[in-house]
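The values are calculated or read from the model by the stated rules, or taken from the named source; none is laboratory data. No experiment lies behind these values; they were computed from the predicted model shown. All Cβ positions, even for glycine, are placed from backbone atoms using ideal geometry, and neighbour counts span all protein chains on display.
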Amino acid sequence: MKKLIVGNWKMHGSLGATEALCRNLYNDLKRQPRLTQICEFVICPPFVHLSTAVMDTSGAPVSIGAQDCSAFTEGAYTGDISAAMLRDLGCTHVILGHSERRIYHNETDETVARKAVRTHEAGLTAIICVGENEQERQQGRHREVVERQLAGSLPEGANTENTVIAYEPVWAIGTGNTATPEDAEAMHAFIREKTGDIRILYGGSMKPDNAGALLAMPHIDGGLIGGASLKSDQFMAIAKAAQKD
Ligand code: PGA
């Protein structure tokens, strides 16, 4: 199975920066066709740059994802974007329940599950994020927390076609503190027991120099990459690190 390499651009960049990054990715992937035999690629720019990203990567082996969607189908929800709107634009994936949304927007597991239902109804793949914070890890409650998040955030009907899980320990996101490959693998094996064959990505300070060891783990099926996805050479170097030979 190919590794799934997902870039989460968060609230970074301008229209011009998005165009430049897409152009670089397009050219890099053209030059290195072997990479697409070992990896699948998804990039998730901010909402307002999605259309541009869809156009600028047209013909390249890169799918486009959003960073969130509404829990509602349509209606009077000022400022919200529905999953169907994202599908219309040409998106194929939606990141849901990222810890930054759980923390800054008080998203609960229940909200995430409702958004995932809308995502599935629209025919898109939900990338559902789970992960413990530092205190929960120190208290040895990380498995319990992730188990609860999985039970609450994955809706009925989640399967290998429409869902990807991202394990992102909150203490590793944007901090430079990656989980060790062994700790990450232990959690991924635990998640696998609960969710079967659904793909599981690792996220949290994944960089070119630690990606090889993480992606070599049997239950780590790819990466959800924040900071390092904003430079196409780093993003490509992470994908290259997935190569075993
Ligand atoms: P990071 O972000 O790679 O910058 O740690 C990962 C994420 O939040 O998805």
(message) Residues that are more than 18 Å from residue 224 (Cβ to Cβ) and of a type in the set (D, E, K, R): does the range 89-106 have at least one?
(response) no
(message) With the requirement that a residue be under 14 Å from the mean Cα position of the chain (by Cα), crowded, with 21+ Cβ neighbours inside 10 Å and more than 21 Å from residue 133 (Cα to Cα), what does the range 70-108 give you?
(response) 91, 93, 94
(message) Any residue at all in the range 66-73 that's in contact with a Cys (Cβ under 6 Å, 6 or more places away or on another chain), among the hydrophobic types (A, V, I, L, M, F, W, C), within 16 Å of the ligand (Cβ to nearest atom) and modelled with pLDDT of 95 or more?
(response) yes
(request) Kindly indicate which of 158, 151, 184, 179 is surrounded by fewer than 16 Cβ atoms within 10 Å (Cβ to Cβ), aliphatic (A, V, I, L, M) and either without any contact (Cβ under 8 Å) to a residue 40 or more places away in the chain or in contact with a helix residue (DSSP H, G or I) (Cβ under 9 Å, 6 or more places away or on another chain) (or both). (result) 151
(request) Report the residue count in the range 206-216 for those that are away from the ligand (no atom under 11 Å from the Cβ), surrounded by 17 or more Cβ atoms within 10 Å (Cβ to Cβ), free of Cβ contacts under 8 Å to residues at least 40 places away in the same chain and under 23 Å from residue 132 (Cα atoms). (result) 1
(request) Among the candidates 69, 91, single out the residue that is farther than 30 Å from residue 30 by Cβ and in contact (Cβ under 8 Å) with a residue 40 or more places away in the chain. (result) 69
(message) Give me the residue from the range 224-240 that is within 16 Å of residue 26 (Cβ to Cβ) and in contact with a strand residue (DSSP E or B) (Cβ under 7 Å, 6 or more places away or on another chain) and, out of that set, farthest from the ligand (Cβ to nearest atom).
(response) 239
(request) Can you confirm whether the range 219-229 contains a residue that is surrounded by 14 or more Cβ atoms within 10 Å (Cβ to Cβ) and farther than 22 Å from residue 67 by Cα? (result) yes
(request) Could you tell me whether residue 83 is in contact with a Lys or Arg (Cβ under 7 Å, 6 or more places away or on another chain) and modelled with pLDDT of 95 or more? (result) yes
